[in-house]
Amino acid sequence: MGVDNGFRFGVNMMSTGSRDVWIEKCRRAETLGYDVIGVPDHLGMPAPFPAMMLAAEVTERVRLNTFVLNVPFYNPVLLARDVATVDGLSGGRVELGLGAGYVKDEFEAAGIPFPSAGRRVELVGETATTLRRLYSDPGYQPQPAQAGGPPLLIAGWGDRMLRVAAEHADIIALTGAGTADSGTLTLAGTAEAADRVAYLRELLGVRAASTEVNLLIQALIEPHERDEALLRLVPYLPATDSTELDDLIAVLVGTPEQMAERLRERRKTYGINYITVLEHNMDKLAAVIELVR
């Protein structure tokens, strides 16, 4: 499953700092070999589209994505205008990541109703449908640079979200963790990952060959960090007797060479060729990127 274009690597930037700091980080990510710079969508963090626009201005090659938008925050018609504008001004370098949102406190702080989980998932599908409809109209303005609009990345793990992703997404981002209503993550093991990928393949059918699969790596743990990392991750571990870090799909453990081999195994086993890490792991993954390429 997935588009066989070798590996792609993304880094999700959690903060901008000053203008100069943001520019330096974006250029460094490109120099380190990353293919995509992502910006999350949470209150207390930078607004995605202005940050992406400056990143596009100061880099040459990397694509820019929202990783991922809290879709219930947005009017889809107004969102389409913003996305098309950034895509046009960046020369067609946008990937649009969509998610259902899960942090109730953010909705309350913004004065936005917090829909049920089912309704939030429905809104992702409705927004994707609206974007496709608008961008398929040759008279739509402003025209995105990419025909039909930027590729859609939809993130999920549960059945409902994967059904929406299988219907609408060009790229499906597996979170590698379930999310409780409180927003707490529970990291998934390889058995659960195999189940999720099998379900996704069934949903995609013939689209499996043309749909790219992304995985967000939550932690990269070098050999000397194992004990400390295990203690840190205890609140996020599955409710089983096993505490084997190597079994967690969204965790990479070992030397850079061992991490590279695990990525090759996950591509072969699960069809995952697009890997994203959080900003604090940008340098750690850079050594792995060199090895797999």
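Values quoted throughout were computed directly from the atomic coordinates according to the rules given, and no laboratory measurement underlies them. This structure is a prediction, so every number in the text was calculated from the model and none was measured. All Cβ positions, even for glycine, are placed from backbone atoms using ideal geometry, and neighbour counts span all protein chains on display.
Please determine, in degrees from 0 to 90 and to the nearest 10, the orientation of helix 19-31 with respect to the longest principal axis defined by the Cα atoms of the chain, where the helix direction is its Cα long axis. So the inclination is approximately 60 degrees. Report note on the peptides 44-52, 15-23: ranked by the mean count of other C-beta atoms within 10 Å, highest first, their order is 44-52, 15-23. Comparing V94, V251, V124 in a Gaussian network model of the chain (Cα springs below 10 Å), the most mobile by mean-square fluctuation is V251. Distance between Cα centroids, the range 137-161 to the range 8-48: provide it in whole Å. Between the Cα centre of the range 137-161 and that of the range 8-48, the gap is 21 Å. In straight-distance terms, cross-link reach from K268 covers every one of the lysines whose alpha-carbon lies under 26 Å from its own, apart from those fewer than eight places away in the same chain; here that gives K284. Summing Lys and Arg as +1 and Asp and Glu as -1 over all other residues whose Cβ lies under 11 Å from the Cβ of T190 gives a net charge of -3. Which distance in Å, rounded to a whole number, links the C-alpha centroids of the range 234-293 and the range 62-95? Using only Cα atoms to place each centre, the spacing works out to 28 Å. To the nearest ten degrees, helix 190-204 and the longest principal axis of the Cα atoms of the chain are 30 degrees apart. In percent, rounded to a whole number, the relative contact order of the range 8-292 is 17, using alpha-carbon pairs under 8 Å and six or more apart.
Pairing the Cα long axis of helix 159-168 with the longest principal axis of the chain, what angle in degrees results, from 0 to 90 and rounded to the nearest 10? The answer is roughly 50 degrees.
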